[in-house]
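Have a look at the structure below, then the notes.
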């Protein structure tokens with residue numbers, strides 16, 4: 001395949017928050033290693049890219065860096081060359097919305113009107129109006145990790161309070177845009193068959209336009225560490241506190257049960273906790289203050305070290321379009337307990353103990369079973385790493401990307417003959 005100039009668009013690419021920043025870093029580097037010139041065009045917060053990949057910063061207001069009105073107002077008035085879209089972004093956030101995908105789409109569409117150097121544009125899940133215009137001018141691929149409508153439904157199910165439901169309606173107002181845009185996109189890549197079915201049902205997209213390509217993992221970065229001792233009573237999970245979709249409540253409730261038989265048991269949570277949020281209140285209610293430790297803003301090395309020191313990993317999510325914590329734990333040879341839902345069984349195959357979602361008893365019973373027969377589950381974990389190396393390496397996955405890229409280029413050129 002000839003060398004291409006590729007732009008990867010990302011409306012936000014937080015280095016430590018969620019999987020989007022990880023995905024942008026990894027896919028941009030993988031395509032670069034295949035010989036392509038890759039640039040990432042990102043809104044703030046900006047990604048941590050490999051040095052071989054160029055970053056083009058497309059400043060937005062970055063209003064979620066702070067939650068103080070004065071600071072947000074200062075951001076608005078300190079921005080140079082403000083447009084009406086900056087004011088829209090400010091007032092939308094002020095009234096509880098999340099306008100970043102829409103405003104990024106507008107800004108990047110304007111930026112790309114001035115540039116003819118790219119052979120291909122890949123957008124990382126903004127699914128914004130601007131993308132429909134961009135795909136008229138460039139060969140274009142939209143990455144949809146999963147339809148966010150599913151997050152919205154789970155959040156509504158978590159509370160019947162009117163104030164909360166109104167706040168969620170405002171926050172997820174961008175979904176109206178995504179539902180309109182997604183069916184008009186000509187080429188979509190998604191990381192699991194579960195996500196593909198979700199995109200078809202939630203966004204009403206043509207299945208022929210959707211290709212499934214797993215996300216990859218650097219199994220050298222996530223690997224067992226020699227001479228690193230595991231703490232028998234340490235469990236590990238990854239979860240954004242107060243996000244119902246991650247099912248952290250059920251892991252905490254299971255920990256309460258386990259504490260009776262294993263007083264030293266504790267849970268490392270990779271993620272943030274809100275000061276006065278639901279999760280902190282639940283930890284207090286369950287009397288688990290000394291048994292739960294939150295770790296945030298970690299490097300990949302630090303995450304790998306935490307896996308190396310843990311005896312069991314838990315993924316209690318209610319839904320995962322593609323669960324990075326699943327393949328990270330497996331790559332580190334940590335015995336894994338995970339919910340049998342959405343993409344998770346696609347990723348784990350037979351190398352994890354799968355349980356029902358929302359089932360604290362199954363989590364606690366599974367932890368007991370593994371602790372009481374650890375050599376058996378350690379062997380399963382070792383085979384699980386081999387499974388990850390074979391199926392989720394970036395060389396294999398990037399070749400699959402190149403096949404879709406070639407098809408996209410051909411379709412675009414044929415349409416313009």
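FYI, it's all coordinate maths here, none of it is from the lab. What you are looking at is a predicted structure, and each value in this text was computed from that prediction instead of being measured. Here the Cβ is made from the backbone with ideal geometry for all residues, glycine too, and neighbour counts use every protein chain on show.
Against the globular-protein guess of 2.2 N^0.38 Å, express the Cα radius of gyration of segment 250-293 as a ratio, rounded to two decimals.
Taking N as the residue count of segment 250-293, the ratio is 1.09.
By how many degrees, 0 to 90 and rounded to 10, does the Cα axis of helix 374-391 deviate from the longest principal axis of the chain?
Roughly 10 degrees, rounded to the nearest 10.
Express in whole angstrom the spacing between the alpha-carbon centres of segment 45-61 and segment 342-399.
34 Å
Angle, helix 84-94 long axis vs. longest principal axis of the chain, Cα atoms, 0 to 90°, nearest 10?
Here the helix axis deviates by roughly 20 degrees.
With a bin width of 5 angstrom, please list the P(r) values of segment 128-252 as percents of all Cα-Cα pairs, from the 0 bin to the one holding the largest distance.
2, 9, 14, 15, 15, 14, 11, 9, 5, 4, 1, 0
What order do you get for 294-303, 170-179, 135-144 when each peptide is scored by the mean count of other beta carbon atoms within 10 Å, highest first?
Most protected by this proxy first, the peptides run 135-144, 170-179, 294-303.
How many nm is it between the label spots at residue 221 and residue 79, if each spot is 7 Å from the Cα in line with the beta carbon?
2.9 nm
Which order, highest average first, do 21-33, 88-100 follow once you tally other Cβ atoms within 10 Å for each residue and take the mean per peptide?
Final packing ranking: 21-33, 88-100.
Kindly put 258, 336 in sequence by how many other C-beta atoms sit within 10 Å of each C-beta, fewest to most.
Fewest-to-most Cβ neighbours within 10 Å comes out as 258, 336.
Using every Cα-Cα pair within the chain, state what percent have a distance larger than 40 Å.
Pairs farther apart than 40 Å: 18 percent.
By how many degrees, between 0 and 90 and to the nearest 10, does the Cα long axis of helix 149-158 differ from the longest principal axis of the chain?
Around 40 degrees separate the two axes.
Return the calculated 222 nm mean residue ellipticity for the chain, to the nearest 500 deg cm²/dmol, obtained by summing -39500 (n - 2.57) across DSSP H runs with n ≥ 4 and dividing by the residue count.
Helix contribution divided over all residues of the chain: -14000 deg cm²/dmol.
Can you tell me the relative contact order of segment 262-360? Whole percent, Cα pairs under 8 Å, sequence separation 6 or more.
For segment 262-360, the relative contact order is 21 percent.
Can you tell me the order of 76-87, 45-56 when each peptide is scored by its average per-residue count of other Cβ atoms within 10 angstrom, highest first?
Result, highest mean first: 45-56, 76-87.
Hey, could you get me the Stokes-Einstein D for segment 231-391, Kirkwood radius over alpha-carbon pairs, 37 °C and 0.692 mPa s, rounded to whole µm² s⁻¹?
212 µm²/s
Rounded to whole Å and sorted largest first, list the principal axis extents of the Cα atoms in segment 59-162.
48, 37, 18 Å, listed from the longest principal axis down.
Between segment 288-308 and segment 103-172, what is the separation of their alpha carbon centroids in Å?
Value for the Cα centre distance between the two parts: 31 Å.
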